[in-house]
Amino acid sequence: MSNRGRKKGSIGEKSREQLLTIAAAQFATNGFYETKISTIVKDAGLTQPTFYLYFKSKEAIFKELTTIFKNSLLNLTEDSLLDSGLKEEMIKQEIQGKVGAIFRFFRENPHLTQIGFFLSEESEAIKKMLAHAISMNLAQEQRDGYFHQHLKMDVVAEIVVGIMERLTVSRLFTGLSDPEELAEEMVELLLFGMQVQH
């Protein structure tokens, strides 16, 4: 694709980023169909011709926002694989830090998360991809001896995604819990369960 006609350098990049930020807020607040390009450019202090320098359509900017969310989330998930050979006392702390990083990403990017996790037609596919990536990590960690061999890690991964999705809506976006608290509660439950050990 030719960049001819696009503004050069940092000014053009700043305008593009501004359009993405404003569009994310508009889509997250009003939904895809109620969001208008005219509102996005007005809020960004730009013109409609400027919008079309960077994006072909409303669909194109929405798709780019979805892709940004998906790629960021998958990168975080792939980075969350535990190193092999961790001491037992380090396992909980390591997992908590990695889960906390994902919750922090959600909190710092609430509009993107709203789009990628809930509004986009791709949101179900994104959650499946997330579950698959988590499952791959868990299976490797299971081979490394961190988790029980009898566990079906594809099922555990779906449980993890379900918990994260629900807690993001009910606790994170409402400000009832911060990312670190949610990570601690979630990891405590998954690693040690609810039953009192006698």
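The values are calculated or read from the model by the stated rules, or taken from the named source; none is laboratory data. All of these numbers come straight from a predicted model, not from anything done at the bench. Neighbour counts are summed over all protein chains in view; Cβ atoms, including those assigned to glycine, are modelled from backbone coordinates with ideal geometry. Note: areas computed on protein heavy atoms with side chains; ligands, DNA, RNA excluded. Shrake-Rupley method; radii C 1.70, N 1.55, O 1.52, S 1.80 Å.
Of the candidates K87, K58, the single residue that is buried (at least 16 other Cβ atoms within 10 Å of the Cβ), more than 19 Å from the chain's Cα centre (by Cα) and either more than 20 Å from F173 (Cβ to Cβ) or among the aliphatic types (A, V, I, L, M) (or both) is K58.
I want to confirm something. Restricting to the stretch 166-185 and keeping residues that are of a type in the set (A, V, I, L, M) and open to solvent by less than 90 Å² (accessible area, probe 1.4 Å), which single residue is nearest to G85 (Cα to Cα)?
Initial filter on the stretch 166-185 (of a type in the set (A, V, I, L, M)): 167, 169, 172, 176, 182-183.
So of that shortlist, the ones also open to solvent by less than 90 Å² (accessible area, probe 1.4 Å) come out as 167, 169, 172, 182-183.
On the way: L167: 31, V169: 35, L172: 33, L182: 26, A183: 22 Å.
Among those residues, the one meeting the criterion is A183.
I'd like the full set of residues that are of a type outside the set (V, I, T), open to solvent by less than 60 Å² (accessible area, probe 1.4 Å) and either in contact with a Ser or Thr (Cβ under 9 Å, 6 or more places away or on another chain) or not in a helix (DSSP H, G or I) (or both), limited to the stretch 145-165. Scanning the stretch 145-165 gives G145, Y146, F147, M153, A157. Pairs linking a residue in the stretch 28-56 that is under 14 Å from K14 (Cα atoms) to a residue that is of a type in the set (F, W, Y) and part of a helix (DSSP H, G or I), with Cβ atoms under 8 Å and 6 or more positions apart or on different chains, are V41/F51. Yes or no: the stretch 61-80 includes at least one residue that is at pLDDT below 95, open to solvent by less than 40 Å² (accessible area, probe 1.4 Å) and over 25 Å from F105 (Cα atoms). The answer is no; no qualifying residue exists.
Screening I134 on (1) of a type in the set (A, V, I, L, M, F, W, C); (2) in contact with a Ser or Thr (Cβ under 7 Å, 6 or more places away or on another chain); (3) open to solvent by 80 Å² or more (accessible area, probe 1.4 Å) shows it passes everything except condition (3).
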